[in-house]
1. Looking for whichever is within 24 Å of Ser121 (Cα to Cα), open to solvent by less than 60 Å² (accessible area, probe 1.4 Å) and free of Cβ contacts under 8 Å to residues at least 40 places away in the same chain here; the options are Phe67, Phe94. Which one fits?
2. Residue by residue through the range 6-15, note down the ones that are surrounded by fewer than 14 Cβ atoms within 10 Å (Cβ to Cβ) and either outside any strand (DSSP E or B) or not polar (S, T, N, Q) (or both).
3. Given the criteria modelled with pLDDT of 95 or more, among the hydroxyl-bearing types (Ser, Thr, Tyr), in contact with a Ser or Thr (Cβ under 8 Å, 6 or more places away or on another chain) and open to solvent by 20 Å² or more (accessible area, probe 1.4 Å), does Ser62 qualify?
4. Could you grab me the full set of residues in the range 26-85 that are in contact with a helix residue (DSSP H, G or I) (Cβ under 9 Å, 6 or more places away or on another chain) and part of a helix (DSSP H, G or I)?
5. Read through the list (1) open to solvent by 70 Å² or more (accessible area, probe 1.4 Å); (2) over 14 Å from Val2 (Cα atoms); (3) not acidic (Asp, Glu), then give the number of the only condition that Gln113 fails.
6. Please go through the range 70-81 and give me each residue that is farther than 13 Å from Tyr37 by Cα and either open to solvent by less than 10 Å² (accessible area, probe 1.4 Å) or of a type in the set (Phe, Trp, Tyr) (or both), ordered by number.
7. Collect the residues in the range 18-38 that are more than 16 Å from Val92 (Cα to Cα) and open to solvent by 20 Å² or more (accessible area, probe 1.4 Å), keeping them in residue-number order.
8. Is it true that some residue in the range 44-53 is among the acidic types (Asp, Glu) and under 16 Å from Ser7 (Cβ atoms)?
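The values are calculated or read from the model by the stated rules, or taken from the named source; none is laboratory data. Everything numeric here is computed off the predicted structure, so don't read it as measured data. Glycine also receives a Cβ, built like all others from the backbone with ideal geometry; neighbour counts cover every protein chain displayed. Remember, those area values only see protein heavy atoms, side chains included, never the ligands or the DNA or RNA. Shrake-Rupley method; radii C 1.70, N 1.55, O 1.52, S 1.80 Å.
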Amino acid sequence: QVQLVESGGGLVQPGGSLRLSCVASGRIFRIGNMGWYRQARGKQRELVARIPRGGAANYVDSVKGRFTISRDNAKNTVYLQMNSLKPEDTAVYFCNMGVVISTGYSLRDYWGQGTQVTVSS
């Protein structure tokens, strides 16, 4: 009923930048939190950044000052601007949204398929 599609991943040199996008489509009444998670090889998935519908965003300490999350509610889209990238940022990045599909329905989490970000020289 709801699909999330990420884009913008790729290979970048240390110190470079990338901008990830995630668009939600389908049956959508309202979107609450939007967020980005990442999972490096052999590690657990971790929250990178989250932005509520109204309020301040929060970030994992390792990306503070380098990454910026933003959202466009009219477009059902969340972005992650990643600057000063480091090799340790290499991971598959997943977007996550809390979506209500219609009045009377509960909020449910949806995930994108993931996009690979590789930081290497």
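1. The unique qualifying residue is Phe67.
2. Matches in the range 6-15: Gly10, Leu11, Gln13, Pro14, Gly15.
3. No.
4. Ser62, Val63
5. (2)
6. Thr77
7. Correct list: Val23, Ser25, Gly26, Arg27, Ile28, Phe29, Arg30, Asn33.
8. Within the range 44-53, not a single residue is among the acidic types (Asp, Glu) and under 16 Å from Ser7 (Cβ atoms).
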